[in-house]
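Working notes for the structure below.
The values are calculated or read from the model by the stated rules, or taken from the named source; none is laboratory data. Everything numeric here is computed off the predicted structure, so don't read it as measured data. Cβ coordinates were reconstructed from backbone atoms using ideal geometry, including for glycine residues, and neighbour counts include every protein chain displayed. Heavy atoms of the whole protein, side chains included, go into the accessibility calculation; ligands, DNA and RNA do not. Shrake-Rupley method; radii C 1.70, N 1.55, O 1.52, S 1.80 Å.
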Amino acid sequence: MKSNAFAKNVISLCSKAKRVAISGHQNPDYDALGSCLAMREILAQNGVQADILLEQPLDSTFTAFSKDYQFVISPEPNYDVLILVDTAEVKLIPPSIQGVFGQAKVTINIDHHQSNTFYAGLNFVLPDRSSACEVLFELFKKRCTLNREIAKFLYIGIYTDTGGFVYSNTHKSTMLCLAELMDTGLEAEKLLQICFKNKSRSAFEITKRAFASVKFYYEDKIAVSVLRYADFSETKANLNEAKYIVPYLPTIDGVLVSISVSEPQKGEFHVSMRTAFDNVNVSKIAEKFGGGGHKRASGLTLKGDFDKALNALIAHTKYVLENGEN
């Protein structure tokens with residue numbers, strides 16, 4: 001279905017529904033949150049009120065989005081329509097929202113991940129777009145008034161998923177989208193200052209520990225940082241505050257793949273994988289361990305004995321690099 005027809009169908013279905021909900025993936029980032037907030041505003045302009053569902057309140061990392069916007073935490077599963085943005089597969093839906101997905105009469109999936117499984121009743125996935133926010137822009141730009149509020153949400157999602165417009169997923173379409181967002185009078189510098197420039201002391205402390213933990217493998221081609229539960233407990237940092245090391249490791253000369261492991265809750269190991277090289281596909285590595293994402297940026301969850309699981313991940317990463325599987 002073409003974008004204009006899909007957008008028209010989404011608005012029509014939501015207009016007929018009694019209750020509409022929007023959600024993103026577990027541990028949402030700015031692309032997921034920006035997509036949720038932009039989608040709610042777009043629907044509101046079309047006469048539809050919708051709830052944004054979260055598994056837990058936003059932490060202090062999301063200063064720009066945490067004060068003035070209302071979210072529904074751990075909702076009851078009584079929605080007619082559920083729109084899922086920036087969520088590649090069912091297992092990435094927050095556990096407290098799985099019931100909503102299971103009981104909703106209409107489920108809609110809007111995404112940009114190559115690993116998307118087209119799990120919803122209606123699916124619109126553009127894997128060649130930079131972010132879910134860029135997909136939303138393309139879908140609904142003719143069915144809403146693009147104002148500074150919507151532009152703010154979309155801009156921050158695109159900015160973060162492109163690494164500040166430097167990753168290889170920054171295309172001509174991305175820059176054209178940004179030009180239209182800027183035409184709304186968006187104060188991009190002010191927005192980025194609020195979101196990223198003022199880091200907390202806990203973020204600084206957890207980042208120090210992340211750098212101190214880095215080890216190199218396979219002739220220094222693989223860089224690994226590990227933050228254990230004690231690091232989070234002692235610094236009082238949250239998972240998002242631990243992510244500042246993630247974009248740095250791939251910039252180290254000679255590093256082909258970076259692996260950042262975080263254990264914010266005991267026994268819960270979140271892994272981010274990055275590469276700066278087109279001939280390396282970290283999503284293929286992540287998929288081997290039940291994860292997924294993009295060619296240059298993917299994630300997964302380590303399970304079982306931590307040391308064995310991490311060693312297996314490093315060994316498979318080495319195997320992929322040696323055999324050129326991308």
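Table for the structure above
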| item | result |
| --- | --- |
| On Cα atoms only, tilt of 172-182 relative to the major axis of the chain in degrees | 60 degrees |
| At most 15 other Cβ within 10 Å, DSSP loop - GluC sites (Glu not before Pro), region 150-225 | 187, 219 |
| Cα centre as origin, Lys/Arg/Asp/Glu Cβ charges: the chain dipole, Debye | 400 debye |
| Residue with peak Gaussian network fluctuation, the chain [Cα springs, cutoff 10 Å], from 198, 281, 240 | 198 |
| Shape call, region 1-125: gyration tensor on alpha carbons, a/c limit 1.5 | rounded |
| With Cα atoms, 0 to 90° folded angle of helix 148-161 axis to the chain main axis | 20 degrees |
| Dipole magnitude (debye, nearest 20) for region 120-277, charges at Cβ of Lys, Arg, Asp, Glu | 260 debye |
| In Hz, Karplus ³J(HN,Hα) per residue of region 267-279 (6.51, -1.76, 1.60; θ = phi - 60°; x = Gly, Pro) | x, 10, 10, 8, 10, 10, 10, 9, 8, 10, 10, 5, 8 |
| Surface share of carbon and sulfur [accessible, 1.4 angstrom probe, percent] for the chain | 49 percent |
| Lysines with Cα under 24 Å of residue 105, excluding same-chain neighbours fewer than 8 positions away | 2, 8, 16, 18, 91 |
| Residue 219-residue 322 pseudo-label distance in nm [points 7 Å out on the Cα-to-Cβ vector] | 1.2 nm |
| Selected from 4, 60, 25, residue furthest toward positive end of dipole (region 1-95; charges at beta carbon) | 4 |
| Region 68-218, relative contact order [Cα under 8 Å, separation at least 6], % | 16 percent |
| Surrounding net charge for residue 80, when Lys and Arg each add one and Asp and Glu each subtract one, Cβ distance under 11 Å | +4 |
| Given charges at Cβ of Lys, Arg, Asp, Glu: region 221-326 dipole, positive-most of 291, 254, 222 | 291 |
| Among 163, 93, 13 the positive-end extreme of the charge dipole of the chain (Cβ point charges) | 13 |
| Correct option for volume of the Cα convex hull per residue in Å³ [calculated from the coordinates] among [x] 130; [y] 189; [z] 147 | [x] |
| Nearest 10 degrees, 0 to 90: helix 201-213 Cα axis against the chain principal axis | 40 degrees |
| Per residue solvent-accessible surface (Å²) - region 1-85, probe of 1.4 Å | 43 Å² |
| Total charge dipole magnitude, region 4-163, about the Cα centre, Cβ charges on Lys, Arg, Asp, Glu only, Debye to nearest 20 | 660 debye |
